[in-house]
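> Sharing a structure, written as structure tokens. Questions coming.
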Amino acid sequence: MSTQEPLRLGVDLGGSKIEVIALGAGGRELARRRVATPRDDYAGTVHAVAGLVAGVESELGRRGSVGIGIPGAISPATGTVKNAKSTWLIGRPFDRDVAAALGRPVRLANDANCFALSEAQDGAAAGAEIVFGVILGTGVGGGIVVHGRPLVGRNAIAGEWGHNPLPWPRDDERPGPLCYCGRNGCIETFLSGPGLARDHALAGGGDRTADQIAAAEDTVAQATMSRYLNRLGRALAHVVNILDPDVIVLGGGLSNIDSLTQGWPDRLAPYVFSDRIDTRVVRAAHGDSSGVRGAAWLWREDEAATALRDARAGA
């Protein structure tokens, strides 16, 4: 392998683990490492990210570009982290502090944008011009990629789909569960794993996880899944009416439920303002690896090569 091969490093900062991946030309995986996230320890988190990058670069014998996905965003107003589930990052210049620790520029993006970018680059939506990436897990997130680049937006909140109200609500869905953002009826409160479990319990189905509900064959569980799929259809139809993506990619733990990737586009048809629906709804190809791969893809290959030269010059 040529030592001149561009090297991209992607870092996925999660609530329980931090993972790094190294990609070579064409997205070939060269190395991967992970450590536990130092929760509630900002300096420790910066140190952990820098240590992972240094470890992989030592293993490969060279330096490269670094992209980072976080559960939040950098505020254009303050230059610090906002909207992060890893709350100890909020109000901190995380990208600048990691860049200082590594001695080179880094690129940082919301983890849902990284997920969407990975799938648009060489995953389930490869070649599509407009991609909407959906994360259905303990929370609900969304990311947008247009012509191969993440769409961040003026306020750095593009794709924050989970904190819009559930579209076309029914009487028994109003005002909806209270969300941690302080509002009622957010999409996240209905479509997250805990939201699915809560809905099932309220219907008299008892205490079950989302996976257990999806696998069950009793009438209460089947009715719960029917409500969930209808709500997912309404929520995604809202996205189609606004963004009209070529592909919607489903990720997160709930995306492993087979019924979520079946029945499209019929599920969209009652709500999409069009005579025909060609939108594809598919499961992520890279699964749990999409976020960390997408962080690496924040640098294009030519940019990664330039970063590699600059890193060597500054070493």
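The values are calculated or read from the model by the stated rules, or taken from the named source; none is laboratory data. As the structure is a prediction and not an experimental result, all values here were calculated from the model. Methodologically, a virtual Cβ is constructed for each residue, glycine included, from the backbone with ideal geometry; neighbour enumeration extends over all protein chains shown.
> Given the conditions (1) touching a Gly at 6+ places or on another chain (Cβ under 8 Å); (2) on the phi > 0 side of the Ramachandran plot, which single one is not true for Ile187?
Going through (1) touching a Gly at 6+ places or on another chain (Cβ under 8 Å); (2) on the phi > 0 side of the Ramachandran plot one by one, Ile187 breaks only (2).
Results for (1) in a helix (DSSP H, G or I); (2) under 13 Å from the mean Cα position of the chain (by Cα); (3) at pLDDT 95 or above, shown as yes or no for each residue.
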| residue | (1), (2), (3) |
| --- | --- |
| Leu268 | no, no, yes |
| Val272 | no, no, yes |
| Ile277 | no, no, yes |
| Val281 | no, no, yes |
| Ser289 | yes, yes, no |
| Val292 | yes, yes, yes |
| Ala295 | yes, yes, yes |
| Trp299 | no, no, no |
| Glu303 | yes, no, no |
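> Next question, about the same structure. Given Gly193, Gly206, Gly233, Gly251, which one is touching a strand residue (DSSP E or B) at 6+ places or on another chain (Cβ under 7 Å) and either among the small types (Gly, Ala, Ser) or at pLDDT below 95 (or both)?
Residue meeting the stated conditions: Gly251.
> Out of Arg170, Arg154, Arg149, report the one residue that is basic (Lys, Arg), within 22 Å of Arg293 (Cα to Cα), loosely packed, with under 15 Cβ neighbours inside 10 Å and assigned by TED's automatic domain parsing to the domain that holds Thr279.
Working: Arg170 fails: within 22 Å of Arg293 (Cα to Cα); Arg154 fails: within 22 Å of Arg293 (Cα to Cα).
Going through Arg170, Arg154, Arg149 in turn, just one is basic (Lys, Arg), within 22 Å of Arg293 (Cα to Cα), loosely packed, with under 15 Cβ neighbours inside 10 Å and assigned by TED's automatic domain parsing to the domain that holds Thr279: Arg149.
> Of the conditions (1) of a type outside the set (Gly, Ala, Ser); (2) over 14 Å from the mean Cα position of the chain (by Cα); (3) not assigned by TED's automatic domain parsing to the domain that holds Glu188, Ile130 satisfies every one except a single condition; which number is it?
Single failed check for Ile130: (3).
> If Thr138 passes every condition in (1) buried (at least 19 other Cβ atoms within 10 Å of the Cβ); (2) touching a residue at least 24 places away in the same chain (Cβ under 8 Å); (3) among the hydroxyl-bearing types (Ser, Thr, Tyr) but one, which one does it miss?
Here Thr138 meets the rest and fails (1).
> Now, a different point. Does Gly205 fit the bill of being in a loop (DSSP other than H, G, I, E, B) and buried (at least 19 other Cβ atoms within 10 Å of the Cβ)? Step through it out loud before you land on a result.
Working: in a loop (DSSP other than H, G, I, E, B): yes; buried (at least 19 other Cβ atoms within 10 Å of the Cβ): yes.
Spelling it out, Gly205 is indeed in a loop (DSSP other than H, G, I, E, B) and buried (at least 19 other Cβ atoms within 10 Å of the Cβ).
> Quick one: in segment 14-46, which of the residues that are in contact with a Pro (Cβ under 8 Å, 6 or more places away or on another chain) and modelled with pLDDT of 95 or more is surrounded by the most Cβ atoms within 10 Å (Cβ to Cβ)?
For segment 14-46, the residue satisfying everything is Thr45.
> Can you give me the ranges of the strands (runs of 3 or more DSSP E) entirely in segment 1-120 with at least 1 residues that are without any contact (Cβ under 8 Å) to a residue 60 or more places away in the chain?
17-23, 29-36, 65-70, 107-110
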